[in-house]
Every structure is written in C-alpha cells, then in structure tokens.
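Everything below concerns the one structure shown next.
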Amino acid sequence: MSNHTTNYNLVKPLQTESYNVDVQNGNMDIIDANLKSLAAQSLEKASLYIAETLPAIADRKEKTMYLKITDIVNANTSNNLKVSPTMGLKIV
C-alpha cells in the first residue's frame, strides 16, 4: 500500500509497486492546482505607504509595503524621496 506526502497528500508508491500513470497524473493534478493557487495569490495587489512617520506595527495592514521618508531633495522638475541610504524612490 502506498504512502502519502504530509503537506499535499501526494501518492508515494512503494519500491515494490509498479509504476502507474494514473497515480502520477493524480499527483500532477494536485501540484498543478496548488501552483495555480499560489500564482493567483502572488498577483494580488499590494499597497504602498510612504510617509515621514509610520504607523505602529500593530496598526499596519497586510499586503502593504511601508517606506519611511528620511530626506526630501527638491529638483526643478520632480521630487526624489530618499527612502534609505541605499534605495532612492522617484515620484513622478
């Protein structure tokens, strides 16, 4: 009798069992469905919060990136917001 994987219940045939295309196809269907679900979740929109002060950790929302403005450099045509010493964010 076959074993099953812990997380997705994929069939793991024993060494003594013969290869069965239906078992392999069933495993592939499970993997395919889970990958599609993960892909759909990764495409969900995230919000961007940019401010000089950030809300407390407990008040922050899921799927939101929080960037703190540390310096503002005004140019003639646009503003560059320096978010960190290593990352600049240009607002157009």
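The values are calculated or read from the model by the stated rules, or taken from the named source; none is laboratory data. Remember, it's a predicted structure, so these values are computed and weren't measured experimentally. Virtual Cβ from ideal backbone geometry, glycine too; neighbours counted across all protein chains shown.
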Legend entry - The lone exception for ASN76 - which of (1) polar (S, T, N, Q); (2) surrounded by fewer than 10 Cβ atoms within 10 Å (Cβ to Cβ); (3) modelled with pLDDT of 80 or more it fails: (3)
Legend entry - Subset of region 14-51 that is of a type in the set (Asp, Glu) and modelled with pLDDT of 85 or more - its residue that is nearest to the chain's Cα centre (by Cα): ASP32
Inset, instruction - State all residues of region 1-21 that are touching a His at 6+ places or on another chain (Cβ under 9 Å) and in a strand (DSSP E or B); if no residue qualifies, say none. - result: VAL11, LYS12
Legend entry - Residue list for region 22-62, filter: of a type in the set (A, V, I, L, M) and assigned to a helix (DSSP H, G or I): VAL23, MET28, ILE30, ILE31, ALA33, LEU35, LEU38, ALA39, ALA40, ILE57, ALA58
